[in-house]
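The values are calculated or read from the model by the stated rules, or taken from the named source; none is laboratory data. Every value quoted in this text rests on a predicted model; they were computed, and no experiment measured them. When we count neighbours, we look across all protein chains shown, and the Cβ atoms used for this are built from the backbone with ideal geometry, even at glycine. For accessibility, only protein heavy atoms count, side chains too; no ligands or nucleic acids. Shrake-Rupley method; radii C 1.70, N 1.55, O 1.52, S 1.80 Å.
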Amino acid sequence: MASTSPVDQNTLWNGHGGQIWVAQQAILDGLFQPMADLLVAELPETVTQLLDIGCGTGASLLAAAAARPSAHCTGVDISAPMLAMARGRAESAGLDADFFVADAQRHPLPSAHFDWIQSRLGVMFFEDSQAAFSNLHRAATPGAGLRFIAWRSAEENPFMTTAERAIGPALDLPARIPGAPGQFAFADGERVRRRLQAAGWKEVEVMAVDLPCTLPREALPTYVGQLGPVGLALRSIPAERADQLQSRALSAFTPFIEGDQVRVDAACWLIRARA
């Protein structure tokens, strides 16, 4: 029987998970570009100190820094390899940004310092999201804005679970634990709202957004074979068997393919709040 033990996020993102995201940064940034665009559209002109949570290789932070050059942008993530790439990208672009490796749930962030806190798919991995939201609230100036993008449920995001449904049983993947840290931890929007409010945030809005994302068709084998729990499992088995299962998984994506593109309708929450 598959294990249901929670994934150790620090080990994952400083090991294979983080290394794969670095290697596939261009594919992933292209796929999630509409999310970075949405966060930029939410940015006020007056922002001076921005904090990006779970900034990874830097896409959403770099977009914010380019859009608001007068703001100083800080990125935090538990993944050292991903932050190394983000730091290099910021330096190459000449953007005012700094980065530090830490868990935003526990790290002693400077008090009442940031007037804008944002995240693109980086908030669903906290061990205790309410504790994390409380820590972020302490770091926010009075009236500071909060904007997060997080996935809705697995059922509303069939693309994201296609490979898992196609070959998951053959790989003996661990069962998903509802609400546990991971991609769909924030599926219950009302639960997220309650946790933000309990952490001191006001004017909390949890708004459903459907973002039309795309992936080049030629990148689909890399996406399936390298990323997520399926990719991790495929890399751990003999190559011949992995190739067979990957081919079976790829055939399940036919409904999403349109010409040379793969359509990914991302069912997300846009979460707004104020300190």
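Taking 22 Å as R0, compute the FRET efficiency from the Cβ-Cβ separation of His72 and Arg106 and round it to 0.05.
0.45
Be a star and scan region 197-238 for residues whose amide nitrogen sits under 13 Å from the point 7 Å along the Cα-to-Cβ vector of Arg248.
234
Within the accessible area of the chain, what % is carbon and sulfur when the probe is 1.4 Å and the other protein chains stay in place?
Values: 6520 of 12160 Å².
That share works out to 54 percent.
Keeping every protein chain present and rolling a 1.4 Å probe, give me the accessible area per residue for the chain in Å².
I get 44 Å² per residue for the chain.
Summing -39500 (n - 2.57) over the DSSP H runs of n ≥ 4 in the chain and dividing by its residue number, what mean residue ellipticity at 222 nm do you reach, to the nearest 500 deg cm²/dmol?
Taking each H run of at least 4 residues, the total per residue is -12000 deg cm²/dmol.
Put a dot 7 Å past each Cα toward the Cβ at Ala198 and Ser236; how far apart are the dots in nm?
Label at Ser236, label at Ala198, 3.2 nm between them.
Suppose a student asked you for the relative contact order of region 119-275, using Cα pairs under 8 Å spaced at least 6 residues apart; what percent would you report? Present the calculation step by step, with values, prior to reporting the outcome.
Values: 246 pairs, mean separation 60.9, N = 157.
After rounding, I find 39 percent.
Is there a quick way to get the dipole size of region 51-139? I mean about its Cα centre, with the Cβ of Lys and Arg at +1 and of Asp and Glu at -1; what is the value in debye to the nearest 20?
120 debye
Using the alpha-carbon centroid of each, what span in Å lies between region 214-275 and region 42-117?
That distance is 27 Å.
Among all stretches of the chain without exposed GluC sites (Glu not before Pro) (DSSP loop, at most 15 other Cβ atoms within 10 Å), which one is longest?
Between exposed loop sites, the widest span is 156-275.
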